[in-house]
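The values are calculated or read from the model by the stated rules, or taken from the named source; none is laboratory data. What you see is a predicted model; the values in this text were computed from it and never measured. We place every Cβ from the backbone using ideal geometry, glycine too, and count neighbours over all the protein chains shown. Quick note on the areas: whole protein, heavy atoms, side chains included, nothing else; ligands and nucleic acids left out. Shrake-Rupley method; radii C 1.70, N 1.55, O 1.52, S 1.80 Å.
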Amino acid sequence: MQNPNNRLAGQTAIVTGANSGIGEAVATGLGRDGANVVVNYISHPEVAEEIAHRISLDNLCGDAIAIRCDVSKEDQVQAMFKQTINHFGTVDICVPNAGLQRDAALHEMSLADWQLVLDVNLTGQFLCAREAIREFLRRGMRPEVSKSIGKIIHMSSVHEIIPWAGHANYAASKGAIVMLMESICQEYAHHKVRCNSIAPGAIKTEINRLAWDTEESLKKLNKLIPYKRIGIPEDIGSAAVWLASDESEYVNGTTIFVDGGMTCYPGFTTNG
Ligand code: BGC
């Protein structure tokens, strides 16, 4: 289904971790609005290729390709940007989305699990944002496609502000995204870079299957969501498309919570 608006026509987006869940929905949304899309993945190449194929069929103005890259590895991130620029000419929109959880009580958390989560969720976002900014500055403004030189949309989480027992590595990685995103905004906004985050709440994907795959767990989860429904990846996809488009031109250095009200302390509804 094409989007007649094609607000992102002529622009190219890299979405990391785009072969499932939130990343897939973001990549699909950006493609529907006319952007060329790089579907980044680390495993299951056939799934990524299939998603890229589907996005290109839906896209009136642009195309989509799949690129494998471990976002925590500097040389691989640089190679992904190089391949993207060779193929599509430049990068206008970067959505560092790839992320993972390795949950454990803190006193049982291995250094390896701490490190892996920080490497992917934080260092991966730094490496992608850095390459994106290098490309924006090299290429300069393209007023024919956007009022900004480029857009970075970090994928954060409600756990950038909600502490999370049993998930200290994950919460620490997301808490750090706030300062990374805001510092990038402060540093590069005068170049007309826009850098924002999306903080999803509980979105129905593989990462949190245990929280929604039985009636009982879903009921328990809904207690944390004032809006009383679990999110779907498309809830995040549409926010990302808006943040990538000129409709949000004056939005910079902010986090958009897409969480059904999860960050509004639902525990206080009948308490306190
Ligand atoms: C986590 C999910 C969790 C949600 C709300 C997300 O960032 O990845 O596992 O369900 O936050 O707690």
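Here are the numbers:
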item	result
Residues located in segment 26-58, provided they are in a strand (DSSP E or B) and either over 21 Å from Cys128 (Cα atoms) or open to solvent by 20 Å² or more (accessible area, probe 1.4 Å) (or both)	Asn36, Tyr41
Failed criterion for Gly166 (all others in (1) at positive phi; (2) near the ligand (Cβ under 9 Å from one of its atoms) hold)	(2)
Subset of segment 178-205 [part of a strand (DSSP E or B), within 16 Å of the ligand (Cβ to nearest atom) and either free of Cβ contacts under 8 Å to residues at least 60 places away in the same chain or farther than 18 Å from Glu234 by Cα (or both)]	Ser197
Filter result for Ser110 (polar (S, T, N, Q) and either more than 28 Å from Arg209 (Cβ to Cβ) or within 16 Å of the ligand (Cβ to nearest atom) (or both))	no
Residue satisfying condition, being closer than 25 Å to Gly237 by Cα and out of contact with any Pro (no Cβ under 8 Å at 6 or more places or on another chain), within set Gly89, Gly140, Gly124	Gly89
Selection from segment 59-91 of residues that are out of contact with any Asp or Glu (no Cβ under 7 Å at 6 or more places or on another chain) and assigned to a helix (DSSP H, G or I)	Glu74, Asp75, Ala79, Met80, Lys82, Gln83, Thr84, Asn86, His87, Phe88
Contacts under 7 angstrom Cβ, first residue in segment 239-258 being surrounded by fewer than 14 Cβ atoms within 10 Å (Cβ to Cβ), partner of a type in the set (Ser, Thr, Tyr), 6 or more apart	Glu249/Ser148
Options Ile153, Ile133; residue that is part of a strand (DSSP E or B) and either closer than 20 Å to Gln186 by Cβ or open to solvent by 30 Å² or more (accessible area, probe 1.4 Å) (or both)	Ile153
For Ala172: the one exception among (1) within 14 Å of the ligand (Cβ to nearest atom); (2) closer than 27 Å to Arg7 by Cα	(2)
Residues that are open to solvent by 40 Å² or more (accessible area, probe 1.4 Å), more than 11 Å from the ligand (Cβ to nearest atom) and not hydrophobic (A, V, I, L, M, F, W, C), drawn from segment 206-227	Asp213, Thr214, Glu215, Glu216, Lys219, Lys220, Lys223, Pro226, Tyr227
